[in-house]
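These notes are about the structure you will find just below.
Please treat every number below as a calculation from the coordinates, not as lab data. Note that the structure is a prediction, hence the values are computed from the model and not measured.
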Amino acid sequence: EELEVLEEKKKFRDPNHLKLTTGNLLQNVCKRISDYLDGDLEMAAKNPDLLMDLDKELELEEESEWADQTLGKKASIQDEENWRDIIHVMFEEDTMPKHVY
């Protein structure tokens, strides 16, 4: 068993094997990030009770510990409040783009 482990580790000294392995690893990581950012459809299908609409997400955001913090160094709390106000007005005036729903 130790010899098998040693032989497996020796493969990583080969630049071609290392390049192929890290390339595959990078593709898997990118896919997972993409699935997370896009909303994993498989997960959504398995757990429909966990799905939220934008109203619910905004409501939870207002209640979270992050509500009074900015997401980046360039945005101020006021910038984020302005964004929330714009979203609210879009809902009120029914001008939210259809692709958001």
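Answer with a single label: of [x] 12.1; [y] 10.7; [z] 6.1, which was calculated as mean projected area of the Cα convex hull in nm² from the structure in view?
Calculated mean projected area of the Cα convex hull in nm²: the matching label is [x].
Rounding to the nearest 10 and keeping the result within 0 to 90°, find how far the Cα-based axis of helix 2-11 lies from the longest principal axis of the chain.
Result, in degrees: 70.
Enter the angle in degrees (range 0 to 90, nearest 10) between the Cα long axis of helix 77-92 and the first principal axis of the Cα atoms of the chain, meaning the one along which they spread out most.
70 degrees
Between Q69 and L50, what is 0.36 nm times their sequence separation minus the Cα-Cα distance? Round to one decimal in nm.
4.3 nm
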